[in-house]
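Visitor: There's a structure below that I have some questions on.
The values are calculated or read from the model by the stated rules, or taken from the named source; none is laboratory data. Keep in mind it's a predicted model, so treat the numbers as computed, not measured. Reconstructed Cβ throughout: ideal geometry from the backbone, glycine too, with neighbour counts over all protein chains shown.
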Amino acid sequence: MRLFEGTEFDRPPKCDECGQLLEDCRCPPAAIAEVPAERQTLRVGVEKRKKGKIVTVIRDLADTNSHADLLTTLKSSCGAGGTLQDSSTIEIQGEHVQRIRQLLKARGFKLRNG
Ligand SMILES: [Zn+2]
């Protein structure tokens, strides 16, 4: 018998968002643990891809957050295509380091130099 069995301390963990048991929770991860921009320090750099294609890469985004909105903003601001490379990396086609750094700063992100 466990120490707190049958008491209120024995309740299985529940999601703060929907109140469901964690095993039944279907909330997107972003709703559970959205990390504010101020607590993310990003790296912005230029990289070369196959056939000499230049891309601007934003790394170290909080991988629990959704970046769809940020990606859309960056693409329209740069007038360029872009993709989510993985849960913490956005890639925008072309060289847009200055513009993207300004935009991220305006949103409250911290930026690593270099
Ligand atoms: Zn939930």
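Visitor: Which pairs have Cβ atoms under 6 Å, sit 6 or more apart or on different chains, and link a residue in the stretch 1-22 that is exposed (fewer than 10 other Cβ atoms within 10 Å of the Cβ) to one that is modelled with pLDDT of 70 or more?
Guide: Pro12/Leu21; Pro13/Leu22
Visitor: Give Ser66, Ser87, Ser77 a once-over and let me know the one that is in contact with an Asp or Glu (Cβ under 7 Å, 6 or more places away or on another chain) and either on the phi < 0 side of the Ramachandran plot or at pLDDT 95 or above (or both).
Guide: Ser87
Visitor: Looking only at the stretch 61-77, how many residues end up being over 17 Å from Gln102 (Cα atoms) and within 8 Å of the chain's Cα centre (by Cα)? Show your work before the answer.
Guide: Here is the first cut: in the stretch 61-77, the ones over 17 Å from Gln102 (Cα atoms) are 62-68.
Now drop any that are not within 8 Å of the chain's Cα centre (by Cα), which leaves 62-67.
Count: 6.
Visitor: Still on this structure: Those residues that are loosely packed, with under 14 Cβ neighbours inside 10 Å and of a type in the set (Gly, Ala, Ser), I need them from the stretch 69-101; list them, please.
Guide: Of everything in the stretch 69-101, those that are loosely packed, with under 14 Cβ neighbours inside 10 Å and of a type in the set (Gly, Ala, Ser) turn out to be Ser76, Gly79, Gly81, Ser87.
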